[in-house]
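*Asks:* Dropping a structure here in structure tokens format, bear with me for questions.
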């Protein structure tokens, strides 16, 4: 039996009709019918990210399974799967975040039955040998080494570790280096991780394109209906905010510009969407390229080459990170002081209401303007829904943004962005002594 719900978000931001189907095993499918150029996008959102890596010594496994999901099954080994999708004109990909993992397939709508056959098989019957596991774990280590040869990636890794004591947001999505290096020895654990979190009740699919929603629901029942399993419960608790500034100096072996990364812990953006909406507004209000602070630092004073904030909504209390690349010969501490002064000024009640309204409009319409194709619609729905595991997350967040006021932004900044609540990483070139 299928549970089906259809509604039209006429009064909300998302402009398309959705048909939601829940299979008996808990798997959810959302179909968005569009008139798009004969293409269909299929986005699978697994409600598991690095947040769920609670066992000591086992960080990085959510990202690792993003890799392993392309290893194939008995029915569709990796080479056969790749060749078949290529012959159908289907492009597939995946990414991992702190809170969820996403897989995407985009191709002609005529390929949808075969896409779902392949997908249903790999979720229920993923198979890999010990050698496959060890090969992929070495590839993950190579990806880590490549990513963290970037000074900003290394600074952010250090900032996360500095800002948290116990919460799994302490490590990046890639995981701790020592855990990645040990991954080849964790074949048994990997299969336990997969069984605990790759379950039908932990999976939300979006199918977008010129398709028949009832036909799509029937195909999902055929290909996924026999899959069993229940998601394991992850006991992750928020940490209290910092009450004293934390700082760390990071030495960089090769010549590079100074980097200053500062982070503040902010509340969950899913439990109270107003908090998530305010964080996104603060990101645009103070740290977008058009903000007075960024123009002052980059153009007028020329203290920094780039200043930006990297916040995304998270399930739990998370970092609001700000990164600055300092110009040669300039002072990172001066940039940090100006960033804090702008936050303090806002917390003190000074708000440009015209800019506040402009940022609210920009956040809203920059999202909605992405709804131009089957791929962009599916991608936006997956990205927005991942932390919530709710297909209506776009409307939830944008609805919360409509309601917030300049006074709310002042109160939010005052509560969470004091100097004593921050963690700071200062990365500088420091040549090794030979």
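*Asks:* Kindly indicate whether any position in the range 246-254 is touching a strand residue (DSSP E or B) at 6+ places or on another chain (Cβ under 9 Å), at pLDDT 95 or above, in the same structural domain as residue 388 (by TED's automatic domain parsing) and more than 19 Å from residue 422 (Cβ to Cβ).
*Replies:* Yes, there is a match, as at least one residue in the range 246-254 is touching a strand residue (DSSP E or B) at 6+ places or on another chain (Cβ under 9 Å), at pLDDT 95 or above, in the same structural domain as residue 388 (by TED's automatic domain parsing) and more than 19 Å from residue 422 (Cβ to Cβ).
Residues checked against (1) assigned by TED's automatic domain parsing to the domain that holds residue 383; (2) outside any strand (DSSP E or B); (3) more than 30 Å from residue 50 (Cβ to Cβ):
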residue	(1), (2), (3)
305	yes, no, no
312	yes, yes, no
319	yes, no, no
323	yes, no, no
329	yes, yes, yes
336	yes, yes, no
340	yes, yes, no
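*Asks:* What residue, among those in the range 351-374 that are crowded, with 17+ Cβ neighbours inside 10 Å and out of contact with any helix residue (DSSP H, G or I) (no Cβ under 7 Å at 6 or more places or on another chain), is nearest to residue 288 (Cα to Cα)?
*Replies:* By that ranking, first place goes to 373.
*Asks:* Now for a separate question. If you go through the range 232-263, how many residues are touching a helix residue (DSSP H, G or I) at 6+ places or on another chain (Cβ under 7 Å), over 30 Å from residue 193 (Cβ atoms) and not in a strand (DSSP E or B)?
*Replies:* Residues that pass the stated criteria total 7.
*Asks:* Please determine, by comparing only the residues of the range 211-231 that are part of a helix (DSSP H, G or I) and touching a strand residue (DSSP E or B) at 6+ places or on another chain (Cβ under 7 Å), which one is surrounded by the most Cβ atoms within 10 Å (Cβ to Cβ).
*Replies:* Of the residues in the range 211-231, the ones part of a helix (DSSP H, G or I) are 213-224.
The next check asks that each one be touching a strand residue (DSSP E or B) at 6+ places or on another chain (Cβ under 7 Å); those that pass are 213, 216-217, 220.
Numbers: 213: 20, 216: 24, 217: 20, 220: 22.
Ranking the candidates gives 216 first.
The values are calculated or read from the model by the stated rules, or taken from the named source; none is laboratory data. These numbers come from a predicted model, not from an experiment. A quick note on method: Cβ atoms are made from the backbone with ideal geometry, for glycine too, and the neighbour counts reach across all protein chains shown.
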